[in-house]
Amino acid sequence: MSRQGAQCDWCGVELTEEMGYRLLWPDKSLGTAFCRLEHIVPFLMQKDQWHIWKAVTVPADAPSLSTATGDELGENALYLVHHRGEHRITDSFENKEALLGWARAGGHFAP
């Protein structure tokens, strides 16, 4: 059995623990992984096939409000964790639509 998040769920490139994005859906024990933020958009629009992952929990440093809208998070919240070397940067979203809109706009780099 391979390690959770070992490859990009859009393009298939191999990922290490120090790179990429892990999209977590704790309420459903699901997860996906991506090498680039840009791969989240076509994945959610066309594929949207998640994996059952063990021990999917809300990241300790997750914002309590949606990164995209500033709204309260419900029990169906999603968490996008950017693995950048030893650092983990977590964003929170109230649903897939909020995440999709945020990613389509360029994430933190939106104009």
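With 10 angstrom as the radius, rank THR57, THR67 by how many other C-beta atoms surround their C-beta, starting from the fewest.
Arranged by neighbour count, lowest to highest, THR57, THR67 become THR57, THR67.
With a cut-off of at most 11 other beta carbons within 10 Å, and DSSP calling the residue loop, which GluC sites (Glu not before Pro) in segment 7-86 qualify? Please list them.
Of the GluC sites (Glu not before Pro), the ones in loops of segment 7-86 whose Cβ has at most 11 other Cβ atoms within 10 Å are GLU18, GLU75, GLU86.
Based on Cα positions only, what radius of gyration and what Dmax would you give for the chain, in angstroms?
My reading of the Cα-based Rg and Dmax gives 12.8, 41 Å.
Counting other beta carbons within 10 Å of each Cβ, put HIS87, HIS39, HIS108 in order, fewest first.
HIS87, HIS108, HIS39
From the helices alone, meaning DSSP H stretches of at least four residues, give me the mean residue ellipticity at 222 nm for the chain, per-run term -39500 (n - 2.57), in deg cm²/dmol to the nearest 500.
That calculation yields -2500 deg cm²/dmol at 222 nm.
What's the exposure ranking of SER29, SER92, going from fewest to most Cβ atoms within 10 Å?
Lowest to highest Cβ neighbour count: SER29, SER92.
Quick note: the coordinates plus some simple rules give every number you see, no bench work behind them. On a predicted model such as this, the values are computed, not experimentally measured, just so you know. When we count neighbours, we look across all protein chains shown, and the Cβ atoms used for this are built from the backbone with ideal geometry, even at glycine.
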